[in-house]
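See below for the structure under consideration.
The values are calculated or read from the model by the stated rules, or taken from the named source; none is laboratory data. Since this is a predicted model, take the numbers as computed values, not measurements. Cβ coordinates were reconstructed from backbone atoms using ideal geometry, including for glycine residues, and neighbour counts include every protein chain displayed. What goes into the accessible areas is simple: the full protein's heavy atoms, side chains included, and nothing from ligands, DNA or RNA. Shrake-Rupley method; radii C 1.70, N 1.55, O 1.52, S 1.80 Å.
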Amino acid sequence: MISFSRSVFQRFRDCLSSVSWHHKTSTSTTNSHNVNHHSPTPITPAELHSEFAHHHPSTARINNGSFGSCPASVIAAQHQWQLRYLQQPDNFVLNNLQPSILRTRSVIKDLVNADHLDEISIVDNATTAAATVLQHIAWSFHESRFNKGDAALILRHSYGAVKKSLRAYFTRAGGHVIEVNIPFPLKSETEIITQFQQALQNCKSNGTKIRLAVIDHITSMPSILIPVKELVKLCREQGVDRIFIDAAHAIGSAEVDVKDIGADFYTSNLHKWFFCPPSVAFLYCKKADNKSLPLHHPVVSHEYGNGLALESGWVGTRDYSAQLVVPSALEFVNRFEGGMDGIRKRNHEKVVEMGEMLVKSWGTNFGAPPEMCTSMAMVGLPEGLGIGSELDAFKFRKHLRDRFSVEVHIYYRAPEGESSEIDLITGYARISHQVYNKIEDYCRFRDAVNELVNRGFTCKDLSN
């Protein structure tokens with residue numbers, strides 16, 4: 001590991017200040033989600049095919065939501081960054097790395113409409129961002145700003161790793177976690193708002209102080225677009241101390257305006273829907289009274305105490321290349337009509353269209369109305385498949401991959417009643433649409449399910 005002196009890191013900060021000034025004076029300020037300072041060449045169908053030719057040719061890949069996709073041009077850019085480091089590591093780390101991370105932060109600042117560059121930090125993924133925020137919250141207990149028994153609110157369908165992070169940081173520090181029961185399937189966002197409002201009211205009635213609300217922008221499984229702005233407003237009205245938006249799937253899949261949303265913290269991955277390689281994410285930390293909150297990266301290194309953005313920019317010797325190709329990913333995005341907003345709109349329209357084809361063929365239903373879908377949609381599977389547990393869902397997903405070369409996420413929904421046909425559906429597929437998908441991908445999935453149903457297949461036929 002390179003030995004760093006304080007004078008070396010002072011050079012880092014001097015360089016950052018210089019690049020920051022250059023950025024401000026050489027580019028126009030914009031709040032557009034299609035940040036673009038030149039006119040890129042529109043992508044052709046042949047070029048689009050070439051960009052994703054590295055995908056497995058025989059797989060119907062309709063699960064972009066899990067791990068994303070990276071085009072060949074961005075992979076090439078990443079490789080160039082890796083080579084630059086390997087050719088002369090000392091020079092790269094001491095003179096090139098931090099200005100390059102700053103450029104990434106500048107791109108993201110404009111994309112999400114943040115006020116200040118130092119509100120944006122680059123981290124590995126949303127899980128790291130959650131650990132950063134929750135570590136900060138835990139210290140509030142240790143430093144007696146929060147009290148034993150104070151609560152955190154989280155949605156029932158929040159990501160499992162974030163729930164475990166709450167247990168590791170918040171519960172161990174003395175806090176109490178309350179899950180807001182969100183129904184599924186959903187008819188409208190009003191159901192979410194009502195349940196959340198009721199949970200806040202219950203806490204107020206019994207004297208429980210809510211210190212933190214963790215709200216998904218888009219839940220992972222089942223996939224639902226959450227009315228975050230409305231829930232943040234409710235939290236502010238009830239005096240919730242801190243609000244953290246876990247938006248792992250959001251950037252590139254939903255409209256993101258951090259000032260309009262109004263939360264204290266907001267994180268999103270860029271390797272899911274923004275065409276970056278794994279893994280890279282940003283963490284937005286809203287300034288309070290023009291001051292940054294004292295958050296620290298969970299991995300402590302030489303920049304500890306110099307602000308989260310700088311701490312996150314150096315966590316020891318590692319491959320930082322995924323963090324440096326964000327400008328290249330934006331160039332790729334801007335080759336499409338309408339840039340990121342255009343891609344997002346077309347993906348939404350296509351995933352709803354493909355979902356409608358599937359539910360019509362199978363006689364099922366969506367898990368949420370189209371306006372609560374993003375580039376992903378929950379589609380009910382035929383009851384006859386016999387998906388009766390999370391293990392069944394996992395085995396069925398594997399069977400689709402191994403037998404039919406269909407990659408799609410399967411969700412098990414425990415039955416909550418038998419009052420309607422919808423209540424009998426226990427299996428849902430989360431389908432995704434990205435720019436590389438074709439209708440044939442969804443037709444293969446449709447035909448595979450129909451074949452299985454027609455020959456009387458159930459998940460009981462699958463071995464453990």
Revision key, fill the gap. So the FRET efficiency between GLN87 and GLU416, C-beta based with R0 = 45 Å and rounded to 0.05, is 0.15
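How large, in percent, is the carbon and sulfur part of the accessible surface of the chain at a probe radius of 1.4 Å? Don't jump to the answer; show the numbers that get you there.
Details: 10160 of 20210 Å².
Ligands and nucleic acids excluded, carbon and sulfur reach 50 percent.
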Study note, to complete from the structure: With the 1.4 Å probe rolled over protein heavy atoms, the chain has an accessible area per residue in Å² of 44 Å²
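Note down the magnitude of the dipole of the stretch 48-141 about its Cα centre, charges +1 on Lys and Arg C-beta and -1 on Asp and Glu C-beta and zero elsewhere, to the nearest 20 debye. Each step should come with its number before you reach the end.
On the way: 5 positive and 7 negative charges, 47 e Å.
So the magnitude is around 220 debye.
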Revision key, fill the gap. Sorted by chain and then number, the residues having a modelled amide H within less than 5 Å of the amide H of PHE282, at least 5 places away or on another chain, are VAL123, SER268, LEU270
Check your understanding: Once you sort the root eigenvalues of the Cα gyration tensor of the stretch 50-184 as a ≥ b ≥ c, which label holds: rounded (a/c under 1.5), prolate (a/b larger than b/c) or oblate (the other case)?
Key -> oblate
Exercise for review: Find the centroid of the Cα atoms in the stretch 133-211 and in the stretch 45-64, then give the distance between the two in whole Å.
Suggested key: 40 Å
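What does the C-alpha gyration tensor say about the overall shape of the chain? Classify as rounded when a/c is under 1.5, otherwise prolate if a/b is larger than b/c, or oblate. List each step's numbers first, then the result.
Values: a/c = 1.92, a/b = 1.24, b/c = 1.54.
Oblate, since a/c reaches 1.5 and b/c is not below a/b.
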Check your understanding: What are the ³J(HN,Hα) values, in whole Hz, obtained from phi via the Karplus relation 6.51 cos²θ - 1.76 cosθ + 1.60 with θ = phi - 60°, for each residue of the stretch 248-259 in sequence order, with x given for Gly and Pro?
Key -> 3, 9, 7, 5, x, 10, 9, 6, 10, 9, 5, 5
Check your understanding: Where both partners of a DSSP beta bridge lie in the stretch 111-225, what percent of those bridges are antiparallel, to the nearest 5?
Key -> 10 percent
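Can you give the net charge of the other residues whose Cβ lies under 12 Å from the Cβ of HIS348, counting K and R as +1 and D and E as -1? Let's see the in-between values first.
Values: positive: ARG344, LYS345, ARG346, LYS350; negative: GLU255, ASP341, GLU349, GLU353, GLU371.
Charge balance near HIS348 sits at -1.
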**Study point:** the stretch 344-419: relative contact order as a whole-number percent, Cα under 8 Å and 6+ apart
**Key:** 23 percent
Point to revise | Rounded to whole Hz, the Karplus (6.51, -1.76, 1.60) HN-Hα couplings of the stretch 156-169, x for glycine and proline | key: 4, 8, 5, 4, x, 5, 6, 4, 5, 5, 4, 5, 6, 9
Check your understanding: Once amide H atoms are placed 1.01 Å from N in the peptide plane, what residues at a sequence separation of 5 or more from ASP246, or on another chain, have their amide H within under 5 Å of its amide H?
Key -> ILE215, ASP216, HIS217
Exercise for review: Enumerate the amide H contacts of GLY427 below 5 Å, restricted to partners 5 or more residues apart or on another chain; note that Pro and chain-start residues carry no placed amide H.
Suggested key: LEU381, ARG413
Check your understanding: Between the stretch 257-310 and the stretch 340-411, what is the C-alpha centre distance in whole Å?
Key -> 32 Å
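For the chain, calculate the relative contact order in percent as a whole number, restricting contacts to Cα pairs under 8 Å that are 6 or more residues apart. It would help to have the intermediate numbers written out before the result.
Details: 807 pairs, mean separation 90.8, N = 464.
Normalised by residue count, the contact order of the chain is 20 percent.
Only helices at least 18 Å long along their own axis, judged from Cα atoms, and with Kyte-Doolittle mean hydropathy of -0.5 or greater: name those in the chain from DSSP H. Write out the running numbers ahead of the final one.
Working: long enough: 6-26 (30 Å, -0.77); 72-87 (22 Å, -0.19); 97-112 (23 Å, 0.31); 126-142 (24 Å, 0.62); 190-205 (22 Å, -0.45); 339-362 (34 Å, -0.74); 390-404 (20 Å, -1.15); 439-454 (22 Å, -0.47).
Sorted by number, the helices that extend far enough and score high enough are 72-87, 97-112, 126-142, 190-205, 439-454.
Among the GluC sites (Glu not before Pro) within the stretch 330-376, which fall in a DSSP loop and have no more than 14 other Cβ atoms within 10 Å of their own Cβ? It would help to have the intermediate numbers written out before the result.
Details: sites: GLU331, GLU337, GLU349, GLU353, GLU356, GLU371; in loops: GLU337.
When the GluC sites (Glu not before Pro) of the stretch 330-376 are filtered for loop state and at most 14 Cβ neighbours within 10 Å, GLU337 remain.
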Point to revise | Cα coordinate range in the stretch 265-345, projected on the principal axes (Å, largest first) | key: 43, 35, 16
Check your understanding: Mind checking which lysines have their C-alpha under 27 Å from LYS109, skipping anything on the same chain fewer than 8 residues away?
Key -> LYS24, LYS229, LYS233, LYS259, LYS272, LYS286, LYS287, LYS291, LYS345
